[in-house]
Amino acid sequence: MTLLQVRNVTRRFGGLTAVDDVSFDVYEGTVKALIGPNGAGKSTLFNALTGFDRPDEGSVVFEGEELVGRKPREVVRVGLARTFQNTQLFEEMTAGENVMVGSQARQRRGFTTAMLRLPNAVAEDREAREDASRLLRLIGIEEWIDVPAADLPAGIRRLVEIARALATRPRLLLLDEPAAGLNATETRELVQTLFRVRDSGITVVIVEHDMGLVMEVSDEIVVLDRGAKIAEGPPRMIQKDPAVIAAYLGGEVDDDV
Amino acid sequence: MSEFLQFLVAGLKNGSIYALIALGFTIVYAATGAINFAQGEFFMLGGMLCVSFTDLGMPLPVAAVAAIAATAAIGAAFELLAVRPIAGDSPLRIIMVTIGGAVVLRQLALHFFGPDERALAPFTEGASLKAFGVAVELQTLWIWGLTALAVVALALLYRKTAFGRAMRATAIRRDAARLVGINAGMMVTVAFALAAGLGALAGVAVAPLTQTAFGVGAAIGVKGFAAAILGGIGNPITAVAGGLLLGLLESFAAGYFDPAYKDGVALVVLLVVLFVAPQGLLAKAGRVKV
Amino acid sequence: MNARTLRALAPLIAVALALIVPLAVSDRFLLKVFTFCGINALVVVGLALLFGYAGQVSLGHAAFMGLGAYTSAYCTVELGWPWLLGFVAAGVVAALGGLILAIPSLRLKGYYLAMATLGFGLLMSLAFIQAEPITGGVDGFSGIPFPSIGPVEFRSASSLYWLVWGAVGIAVLVAHNITSLRPGRAMRALHGSELGAQACGVDIVGVKVRTFVVSALMAGLAGALYAGVVGFISPSLFTLTASITFIAMTIVGGTSSLAGPILAAVALTLVQYSDALIPGLPRETAQTIQSYQEDIYGLAIVLIVIFAPRGLAGLWKRRSAGNEAS
Ligand SMILES: Nc1ncnc2c1ncn2[C@@H]1O[C@H](COP(=O)(O)OP(=O)(O)OP(=O)(O)O)[C@@H](O)[C@H]1O
Ligand SMILES: [Mg+2]
């Protein structure tokens, strides 16, 4: 079943067309990778899908609902959660508190109930706390729960951000270069986490430069080059696609890990 | 008609002062991306130091130059001591450090110069010039002349000297500037010194007309910032235009409506620009980078 | 005693201390000084929410205090309203002021928000002078009645002390509830990363506006209390200098903390009244200290921001974290 339909999305910055008429589908329960050389427009596309940026043209439909024009907050509530290429953690808050903020996407109690410390506000708080430790345990980093984000190692930071996104209880998880800055062991852990996430029924879209990881986890790959989609298909086909090889050889092959 | 001209003269006089302060904001912003909340204190220091130096018996031109140089040095020290330790940090910290620093500078002035209002003798004695029914004080001519001189000197410095080109490069790309061997830290210190010197020049030039005191910095600083942002922050040409425009607005509001409105004008302008077009109203007209 | 028990006991110790002061202090002036500490603490609790938690700077908080003070004075003196009604009106007017400033400021961050609040504060100080029919102009407003709630009038130094610190207590309770639950995390998230907060579904507009309003409300109520306690207000009380004093207290106290800023508010207020605090202090010495009071505030801001950016609360947390680890 199609969970997300991306149709003819275009985003221009002045004379530069960062995303050029891109269309693809994401099927429920699968992992889709979005790859392409530096500056191909992957992050720009992510922003367009999640309400952080408004595409100039095109539509993004999630389960029959149009997402273009919605605020990031509304997009999360519909069921799309994301992480950032530059991790956007709340540095002064602990890992656990960071994840608790993720729960806010589906909570409703506001200022007034909190001010009066009404029972349902307290209950919601307890629920968020339990959720946070459950998620950190699921990802295998519960020992970091009380450490301020500013003091976390890079690998753990990426995983905390994923846990935080999961706390919004998404149907679709969008990860922007989750393996950037991770060492080999951490990358292994990330792969395990991705499988666990997928097995729990959450669909994943991942932007990643680490080709080993991409080939291992993804069911389908979309390749962007200079904003445009140049290929789409299962990993084995993409590996052999002449257009893809040309794009990567033409640019620099980016293999940070 | 003559009333209109009189307001025009008054507006352009104060406007020149605001332009100099606005240039100070612009220079620091261009070099660091930061707003220095202590900018107004340099205006105060310039005036107060000049008065004190003449009290010590220095002839006025010497006192004026000494006051400007001393304030520029204070500006550099301010950068090195207070701003440098947190350079590149969050705006929040830079705001706080420069605000705290402004308070310290003002209090130092209070302890050194006392709480009284001070005045400077006019640069040249003589009756006001009269033309078209308008009286123009000689000091006003000095203000215009010095402002014009400062603007031209600054333009030459930025455009014609290797040093100025380095400053402009730093403003555009700090990381790239460092790669080609420009000492970005040094540039920032110089930017603060220049900004402080310009503020001091304004303070010296206007001291014979309006008395000065240890506490005048904050208000003039806000007006200078209003002028800078009216023009679009970071652009020296529109900063000067913004200063003159703000002076005129003030002068006409005070003249045609109520003198009591004078001080409110800059604040209203500041808030309106911030709320409506924080990128500046004049910026689009002339997109020139430093 | 380890850090955790100390933290659990801290509120009790604070309440006990607050209760002991009026019993231990017989000097009426000194008691008034501690009352002023409470008034400043009330402003600072609000500012701690806005600045320390949500990371939104306000350089014009004295304006909200002034709005509250003048509203309460006008309502009680000119309109003859009961004090409590004027007190409520003061809160409402200040909160509206916060709303009016917050909404157009939503797009502004960092330097620009700071300048907008600074400009607002200066504009309000001008307004307090210029709106003479309402505010009494530069001469200010005198003859403001003592606070009263129904038949109970707060005249004695100790009853005023109770009233003010009672209000502080309630404000702290409310602020603690906010900060320890969902809205507080949203505020800190906003401070940490607006992008991250948005990605978590935080309503950043709503959080900013609400925090601004609550913060202005507390400042307004503090202003009303000041008017009632002193009986006289004038524009010179609600200036940029006062706003910076509140900022200094909040910064010294530290981010993401209520206890730190309250302690700092008390300590920095006491600096102004060293003569009352230290009996037998020569007049000149007291005056010297007083003349350096703003230097202390300015230097405190600079030093704390450079050397201990999270303030007293940050130092304390780091120390107790170290203790727990060892
Ligand atoms: N806000 C913006 N304004 C102007 N240009 C932009 C903006 N954001 C992105 N771009 C440009 O759009 C292009 C695509 O950028 P984008 O960040 O989407 O690439 P990417 O595929 O994520 O690259 P990377 O692998 O390096 O993260 C780049 O040329 C970039 O410079
Ligand atoms: Mg990217």
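The values are calculated or read from the model by the stated rules, or taken from the named source; none is laboratory data. Note that the coordinates shown come from a computational prediction; the quantities given were computed from them, not determined experimentally. Note that we place each Cβ from the backbone using ideal geometry, even for glycine, and neighbour counts take in every protein chain shown.
Check whether at least one residue in the range C:293-307 is within 14 Å of another protein chain (Cβ to nearest Cβ) and farther than 27 Å from residue C:53 by Cβ, and report yes or no.
Yes, some residue in the range C:293-307 is within 14 Å of another protein chain (Cβ to nearest Cβ) and farther than 27 Å from residue C:53 by Cβ.
Just one of the numbered conditions (1) out of contact with any Pro (no Cβ under 6 Å at 6 or more places or on another chain); (2) surrounded by 24 or more Cβ atoms within 10 Å (Cβ to Cβ); (3) touching a residue at least 24 places away in the same chain (Cβ under 8 Å) is not true of residue C:116: (3). For the range A:111-143, residues that are within 14 Å of another protein chain (Cβ to nearest Cβ) and in a helix (DSSP H, G or I) total 20. For the range A:65-85, the candidate set comprises residues that are within 16 Å of ligand 2 (Cβ to nearest atom) and touching a Leu at 6+ places or on another chain (Cβ under 9 Å); within that set, the residue that is farthest from residue A:28 (Cα to Cα) is A:84.
Within the range B:126-140, the set of residues being at pLDDT 80 or above and not in a strand (DSSP E or B) comprises B:137, B:138, B:139, B:140. A count restricted to the range A:169-178 and to residues that are of a type outside the set (A, V, I, L, M, F, W, C) and either away from ligand 1 (no atom under 16 Å from the Cβ) or in contact with a His (Cβ under 6 Å, 6 or more places away or on another chain) (or both) stands at 3. Listed by position, the strands (runs of 3 or more DSSP E) contained in the range A:1-98 that have at least 2 residues being among the polar types (S, T, N, Q) and surrounded by fewer than 21 Cβ atoms within 10 Å (Cβ to Cβ) are A:2-13, A:16-27.
Going residue by residue through the range C:7-19, is there one that turns out to be among the hydrophobic types (A, V, I, L, M, F, W, C) and either at positive phi or crowded, with 17+ Cβ neighbours inside 10 Å (or both)? Yes, there is a match, as at least one residue in the range C:7-19 is among the hydrophobic types (A, V, I, L, M, F, W, C) and either at positive phi or crowded, with 17+ Cβ neighbours inside 10 Å (or both).
So that you can scan it fast, the table gives a plain yes or no per residue for (1) farther than 21 Å from residue C:160 by Cα; (2) in contact (Cβ under 8 Å) with a residue 24 or more places away in the chain; (3) crowded, with 21+ Cβ neighbours inside 10 Å; (4) β-branched (Val, Ile, Thr):
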residue: C:35; (1), (2), (3), (4): no, yes, yes, yes
residue: C:49; (1), (2), (3), (4): yes, yes, yes, no
residue: C:65; (1), (2), (3), (4): no, yes, yes, no
residue: C:74; (1), (2), (3), (4): no, yes, yes, no
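Of all the listed residues (A:62, A:24, A:46), the sole one being within 14 Å of another protein chain (Cβ to nearest Cβ) and under 30 Å from residue A:196 (Cβ atoms) is A:46. Scoring residue C:156 on the criteria (1) loosely packed, with under 14 Cβ neighbours inside 10 Å; (2) of a type outside the set (Asp, Glu); (3) at the interface with chain B (Cβ under 9 Å from one of its Cβ atoms) leaves a single failure, condition (3). Taking residues in the range B:123-134 that are within 17 Å of residue B:210 (Cα to Cα), and partners anywhere that are part of a loop (DSSP other than H, G, I, E, B), the pairs with Cβ atoms closer than 7 Å and at least 6 places apart or on different chains are B:123/B:208; B:128/B:137.
Just one of the listed residues (C:233, C:244, C:289) is within 14 Å of chain B (Cβ to nearest Cβ) and under 19 Å from the mean Cα position of the chain (by Cα), namely C:244.
Restricting C:64, C:87 to those that are among the aromatic types (Phe, Trp, Tyr) and touching a Pro at 6+ places or on another chain (Cβ under 9 Å) reduces the list to C:87. Here residue C:255 clears all of (1) surrounded by fewer than 17 Cβ atoms within 10 Å (Cβ to Cβ); (2) outside any helix (DSSP H, G or I); (3) within 14 Å of chain B (Cβ to nearest Cβ) except the condition numbered (1). Being of a type in the set (A, V, I, L, M) and surrounded by fewer than 24 Cβ atoms within 10 Å (Cβ to Cβ) is the filter; apply it to the range C:218-233 and report the residue that is nearest to residue C:181 (Cα to Cα). Ranking the candidates gives C:229 first.
Report yes if residue A:167 is within 20 Å of residue A:52 (Cβ to Cβ) and either more than 16 Å from ligand 2 (Cβ to nearest atom) or at pLDDT below 90 (or both), otherwise no.
Taking the combined requirement at face value, the residue satisfies it.
Yes or no, residue by residue, for (1) under 20 Å from the mean Cα position of the chain (by Cα); (2) under 17 Å from residue A:33 (Cα atoms); (3) touching a residue at least 12 places away in the same chain (Cβ under 8 Å); (4) part of a helix (DSSP H, G or I):
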{"position": "A:146", "(1), (2), (3), (4)": "no, no, yes, no"}
{"position": "A:158", "(1), (2), (3), (4)": "yes, no, yes, yes"}
{"position": "A:165", "(1), (2), (3), (4)": "yes, no, yes, yes"}
{"position": "A:187", "(1), (2), (3), (4)": "yes, yes, yes, yes"}
{"position": "A:213", "(1), (2), (3), (4)": "yes, yes, yes, yes"}
{"position": "A:222", "(1), (2), (3), (4)": "yes, yes, yes, no"}
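Checked against (1) away from every other protein chain (no Cβ under 11 Å); (2) within 15 Å of the chain's Cα centre (by Cα); (3) in a helix (DSSP H, G or I), residue A:173 passes all but condition (3). Only a single item in (1) within 14 Å of chain C (Cβ to nearest Cβ); (2) on the phi < 0 side of the Ramachandran plot; (3) more than 8 Å from ligand 1 (Cβ to nearest atom) is not met by residue A:56, and it is number (1).
Each row is one residue, and each column tells you yes or no for (1) closer than 14 Å to residue A:216 by Cβ; (2) within 16 Å of ligand 1 (Cβ to nearest atom).
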residue	(1), (2)
A:144	no, no
A:154	no, no
A:159	no, no
A:167	no, no
A:180	no, yes
A:183	no, no
A:188	yes, no
A:193	yes, no
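All conditions in (1) touching a residue at least 60 places away in the same chain (Cβ under 8 Å); (2) among the β-branched types (Val, Ile, Thr); (3) within 14 Å of chain A (Cβ to nearest Cβ) hold for residue C:174, with the sole exception of (1). Every condition in (1) surrounded by 24 or more Cβ atoms within 10 Å (Cβ to Cβ); (2) among the aliphatic types (A, V, I, L, M); (3) more than 14 Å from chain B (Cβ to nearest Cβ) is met by residue C:249 except one, and the failing one is (3). Of the residues A:154, A:114, the single one that is closer than 28 Å to residue A:44 by Cα, at pLDDT below 90 and more than 16 Å from ligand 2 (Cβ to nearest atom) is A:154.
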